[in-house]
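See below for the structure under consideration.
The values are calculated or read from the model by the stated rules, or taken from the named source; none is laboratory data. Bear in mind the structure is a predicted one, so any value in this text is a computation, not a measurement. Ideal geometry is used to build each Cβ from the backbone, glycine not excepted, and the neighbour counts take in all protein chains shown.
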Amino acid sequence: MVSTVTPRPRPIENACFWLAERRRKTDPPLIGRREADIVIIGAGFTGLWTATFLKMLDPIREIVVLEQGIAAYGASGRNAGMLGEAIDHSHQLAITHFGRAEAARLARLGVENLGNLLRFLEERRIDCDLERTGQLHVALTPSQVEELREAQGVAQELGLSHYRLLDAAATRAELDCARYQAGLFNPHGCIVNPVKLAEGLKREAVQAGTVFHERTRVTAMERSNGGVRLRTAHLPGAAGTESRMEATGVAAERLQAAASRLKAAAARAQAAVAPGTEGEIVARRVILATNAYTHQIFPRLQSRFIPLYDYILVSEPLSDEQMSHLGWRRRCSVADMRTFFKYYRLTRDNRILWGTSEAAYYKGNRVDASCDHSERHYAELRDSFRRHFPALADLEFPYAWGGPICSTTRFTPFFGAAEDGRILYGLGYTGHGLGTTHLAGQILAHMALERPSPLLVLALVRRKPFPYPPEPLRSLAVRAVTRALRRVDTGRRPGLLLRCLDAMGIGLSS
Ligand SMILES: Cc1cc2nc3c(=O)[nH]c(=O)nc-3n(C[C@H](O)[C@H](O)[C@H](O)COP(=O)(O)OP(=O)(O)OC[C@H]3O[C@@H](n4cnc5c(N)ncnc54)[C@H](O)[C@@H]3O)c2cc1C
């Protein structure tokens, strides 16, 4: 008789390559009652940059950050680490949504923003395995070659002259894949280890006097005299206390060692604070830096975004022979030109990270650990990798995970205030927030301190995106648009649905 054992789901802290490498104790949860000038909910890049800029603008302001997991538990610790200058998904989309003059402004701002971010990392000596590799967009079909040409033309029109169009041979000289028909190279792109980046930002924030409470979930918000009262619950168990990953060799040993260290830390922390213990904090202002989780704590923003899950694989380290086979000489990050595109890069120790933008929506806006894995996406990712690099068909991918992205109908974040300015928010980076959260941090810090800034008059700060319909329409709409976009990826022209959305300024197929 054959017995089948259903594998227990792998905890994200072991399944995600970046998170599995992290070793540190968690900061103490919020216990009892306290006060602060400003509370930031969420210690992803939005929360971390906002804390940084608040302290730069007003060093004596008392800032407390509450995080339900460990810093970078959300998208910030699970992403591909491809750091670019784009604020919108494409310059053409920026024109569609905001007009040519504003798109040119965003294009300039994107370049400036990336430069400032990199300067900050250098000045503060934040080690995040930064590599200035450039970013390559590749065409897999003749119509995508045309799109690359158009993209370069639009960038040029908006004042960006650094994009270089590559023919098939020049593209394959960057990375040797027989499917490439052309490429568009942007030398400004970088790759980073996102968890190291978040940890570096957190260290800076702590040094500046910001207080962090980790494993502290905000469960309720209400107005109180002149401010907001937050109730919190201490989440049981430390992240990554059990290693259930089916990894092999060195990776497994390292994971097990990390897991036992974390287990010991968890035991110490749990001995001190019982799970579920409640805390309370009253603040003059609260900043929601909760991105795809925002509806769970502030349902009124639910119509403005949709939480989607992107999935990623990371391979074992490549041998020198495998590396020379790929000829990935500049180590640039790569994305193809499909609507549902694949994105990939090398890690510092020469693993391949292979991800898909064909995101999953879980009915009812679900965002929790039950969405962290999708075998369907993993199988499709492995197949697509083999199609791209058949000579490496046997490569193992011991890490596989998903993470929540927060998508808006215009593909850019939005900002706002509620409850007479006591609650502020910024969210909706639609899968490209590594650079943009650095801008969002400045925007939110200026809003919170009521300081003027040219950033506050950007159209994306002043205007909200077109809303998504509520359930059950939302699920139906996602299914219909996904089908329509898949058809576009097979080379067909956008159908009636996408043309209508374009006409409404939603512009998904641009
Ligand atoms: C798989 C994947 C790949 C990506 N790849 C890239 C890429 O290569 N380049 C790029 O630019 N962008 C990429 N992104 C997008 C990028 O990661 C995000 O835009 C960015 O990290 C958003 O940061 P954030 O701080 O706003 O959100 P998050 O990092 O999600 O942070 C929100 C935080 O709030 C916390 N939180 C939520 N609710 C509560 C509560 N009630 N109480 C306490 N804490 C709470 C969460 O635990 C979380 O830590 C990717 C995203 C994913 C998921």
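Which of the residues that make up region 334-346 are surrounded by fewer than 22 Cβ atoms within 10 Å (Cβ to Cβ) and under 17 Å from the mean Cα position of the chain (by Cα)?
Once the filter is applied, which keeps residues that are surrounded by fewer than 22 Cβ atoms within 10 Å (Cβ to Cβ) and under 17 Å from the mean Cα position of the chain (by Cα), region 334-346 yields A335, F340, F341, K342, Y343.
Do any residues in region 279-308 that are over 21 Å from R215 (Cβ atoms) have Cβ atoms under 7 Å from those of residues that are near the ligand (Cβ under 8 Å from one of its atoms), where the two are at least six apart or on different chains, and which pairs are they?
So the pair list comes out as L301/T294; F305/C406; F305/L427; P307/A292; P307/P404; P307/C406; L308/I405.
Is it the case that some residue within region 398-408 is in contact (Cβ under 8 Å) with a residue 24 or more places away in the chain, assigned to a strand (DSSP E or B), polar (S, T, N, Q) and within 13 Å of the ligand (Cβ to nearest atom)? Break it down stepwise before answering.
In the first step, residues of region 398-408 are kept if they are in contact (Cβ under 8 Å) with a residue 24 or more places away in the chain; the result is 398-408.
In the following step, the residues that additionally are assigned to a strand (DSSP E or B) were identified as 399-407.
Then drop every residue that is not polar (S, T, N, Q), which leaves 407.
This time we only want the ones that are within 13 Å of the ligand (Cβ to nearest atom), so: 407.
Within region 398-408, one or more residues are in contact (Cβ under 8 Å) with a residue 24 or more places away in the chain, assigned to a strand (DSSP E or B), polar (S, T, N, Q) and within 13 Å of the ligand (Cβ to nearest atom).
Which of the following residues is outside any loop (DSSP other than H, G, I, E, B), away from the ligand (no atom under 15 Å from the Cβ), closer than 27 Å to G84 by Cα and in the same structural domain as V228 (by TED's automatic domain parsing): L456, L424? Write out each step before concluding.
Working: L424 fails: away from the ligand (no atom under 15 Å from the Cβ).
Exactly one of L456, L424 is outside any loop (DSSP other than H, G, I, E, B), away from the ligand (no atom under 15 Å from the Cβ), closer than 27 Å to G84 by Cα and in the same structural domain as V228 (by TED's automatic domain parsing), namely L456.
Would you list the strands (runs of 3 or more DSSP E) that sit entirely within region 293-377 and hold 2 or more residues that are farther than 20 Å from C177 by Cβ? Outline the logic, then answer.
Values: elements: 306-314, 333-336, 342-346, 352-360.
Of the strands (runs of 3 or more DSSP E) lying wholly inside region 293-377, those with at least 2 residues that are farther than 20 Å from C177 by Cβ span 306-314, 352-360.
Residues of region 47-88 being in contact with a strand residue (DSSP E or B) (Cβ under 6 Å, 6 or more places away or on another chain), near the ligand (Cβ under 8 Å from one of its atoms) and polar (S, T, N, Q), which ones? Break it down stepwise before answering.
So the first thing to find is which residues in region 47-88 are in contact with a strand residue (DSSP E or B) (Cβ under 6 Å, 6 or more places away or on another chain), and the list is 47, 50-51, 54, 61-66, 68, 75, 78, 80-84.
If we keep only those that are near the ligand (Cβ under 8 Å from one of its atoms) as well, we get 47, 66, 68, 75, 78, 80-84.
Residue satisfying the conditions is Q68 alone.
Could you please give the count of residues in region 390-447 that are over 17 Å from V192 (Cβ atoms), under 14 Å from the mean Cα position of the chain (by Cα) and not small (G, A, S)?
Adding up the residues that qualify gives 10.
Which count do you get for residues in region 136-153 that are touching a Ser or Thr at 6+ places or on another chain (Cβ under 8 Å) and either modelled with pLDDT under 95 or part of a helix (DSSP H, G or I) (or both)?
1
Which of (1) more than 16 Å from the ligand (Cβ to nearest atom); (2) surrounded by fewer than 21 Cβ atoms within 10 Å (Cβ to Cβ) does F98 not meet, given it meets every other one?
Of (1) more than 16 Å from the ligand (Cβ to nearest atom); (2) surrounded by fewer than 21 Cβ atoms within 10 Å (Cβ to Cβ), only one is false for F98: (2).
Determine whether region 31-42 contains at least one residue that is under 16 Å from the mean Cα position of the chain (by Cα) and more than 9 Å from the ligand (Cβ to nearest atom). Steps first, please.
Filtering region 31-42 for residues under 16 Å from the mean Cα position of the chain (by Cα) gives 42.
Those still in the list that are more than 9 Å from the ligand (Cβ to nearest atom) too: none.
No, every residue in region 31-42 fails to be under 16 Å from the mean Cα position of the chain (by Cα) and more than 9 Å from the ligand (Cβ to nearest atom).
Counting just the residues of region 459-491 that are outside any helix (DSSP H, G or I) and of a type in the set (S, T, Y), which one comes out surrounded by the fewest Cβ atoms within 10 Å (Cβ to Cβ)?
From region 459-491, those outside any helix (DSSP H, G or I) are 463-472, 490-491; that's our starting set.
If we keep only those that are of a type in the set (S, T, Y) as well, we get 468, 490.
Numbers: Y468: 20, T490: 8.
Among residues in region 459-491 that are outside any helix (DSSP H, G or I) and of a type in the set (S, T, Y), the one surrounded by the fewest Cβ atoms within 10 Å (Cβ to Cβ) is T490.
Residues in region 60-109 that are among the aliphatic types (A, V, I, L, M), within 26 Å of Y309 (Cα to Cα), at pLDDT 95 or above and not in a helix (DSSP H, G or I): how many? Reasoning before the result, please.
First, the residues of region 60-109 that are among the aliphatic types (A, V, I, L, M): 60, 63-66, 70-72, 75, 80, 82-83, 86-87, 93-95, 101, 103-104, 106-107, 109.
In the following step, the residues that additionally are within 26 Å of Y309 (Cα to Cα) were identified as 65-66, 70-72, 75, 80, 82-83, 86-87, 93-94.
Next, only the ones that are at pLDDT 95 or above stay: 65-66, 70-72, 75, 80, 82-83.
When the remaining residues are screened for being not in a helix (DSSP H, G or I), the result is 65-66, 70-72, 80, 82-83.
Counting residues in region 60-109 that are among the aliphatic types (A, V, I, L, M), within 26 Å of Y309 (Cα to Cα), at pLDDT 95 or above and not in a helix (DSSP H, G or I) gives 8.
When you go through R351, R386 one by one, which is the residue that is outside the structural domain of A72 (by TED's automatic domain parsing), free of Cβ contacts under 8 Å to residues at least 24 places away in the same chain and under 30 Å from T141 (Cα atoms)? Quick ask: steps written out before the conclusion?
On the way: R351 fails: free of Cβ contacts under 8 Å to residues at least 24 places away in the same chain.
Answer to the selection: R386.
Taking region 221-234 only, how many residues are of a type outside the set (K, R), out of contact with any helix residue (DSSP H, G or I) (no Cβ under 7 Å at 6 or more places or on another chain) and in contact (Cβ under 8 Å) with a residue 60 or more places away in the chain? If you could, list the steps in order and put the result at the bottom.
Looking only at region 221-234, we keep the residues that are of a type outside the set (K, R), and these are 221-222, 224-228, 230, 232-234.
Within this subset, residues satisfying the condition of being out of contact with any helix residue (DSSP H, G or I) (no Cβ under 7 Å at 6 or more places or on another chain) are 222, 224-228, 230, 232-234.
Add one more test, that the residue is in contact (Cβ under 8 Å) with a residue 60 or more places away in the chain, and what stays is 227-228, 230, 232, 234.
Qualifying residue count for the region: 5.
State yes or no: is A169 in a helix (DSSP H, G or I) and over 13 Å from A43 (Cα atoms)? Full working, then the answer.
Values: in a helix (DSSP H, G or I): yes; over 13 Å from A43 (Cα atoms): yes.
Considered against the rule, which asks whether it is in a helix (DSSP H, G or I) and over 13 Å from A43 (Cα atoms), A169 comes out as yes.
Each row is one residue, and each column tells you yes or no for (1) of a type outside the set (F, W, Y); (2) touching a helix residue (DSSP H, G or I) at 6+ places or on another chain (Cβ under 8 Å).
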site: E278; (1), (2): yes, no
site: I281; (1), (2): yes, no
site: I287; (1), (2): yes, yes
site: N291; (1), (2): yes, yes
site: F298; (1), (2): no, no
site: Y311; (1), (2): no, yes
site: L318; (1), (2): yes, yes
site: H325; (1), (2): yes, yes
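Restricting to region 176-210, give me the number of residues that are aliphatic (A, V, I, L, M) and out of contact with any helix residue (DSSP H, G or I) (no Cβ under 7 Å at 6 or more places or on another chain).
Residues flagged as aliphatic (A, V, I, L, M) and out of contact with any helix residue (DSSP H, G or I) (no Cβ under 7 Å at 6 or more places or on another chain) within region 176-210 amount to 5.
Say whether the condition of being out of contact with any Phe, Trp or Tyr (no Cβ under 6 Å at 6 or more places or on another chain) and over 30 Å from P299 (Cα atoms) is met by at least one residue in region 210-220.
If we filter region 210-220 for residues that are out of contact with any Phe, Trp or Tyr (no Cβ under 6 Å at 6 or more places or on another chain), which is where we start, we get 210-220.
Cutting the leftovers down to over 30 Å from P299 (Cα atoms) gives us none.
The answer is no, given that none of the residues of region 210-220 is out of contact with any Phe, Trp or Tyr (no Cβ under 6 Å at 6 or more places or on another chain) and over 30 Å from P299 (Cα atoms).
What's the total number of residues in region 300-333 that are closer than 20 Å to G403 by Cα, more than 15 Å from the ligand (Cβ to nearest atom) and surrounded by fewer than 20 Cβ atoms within 10 Å (Cβ to Cβ)?
Here the count works out to 0.
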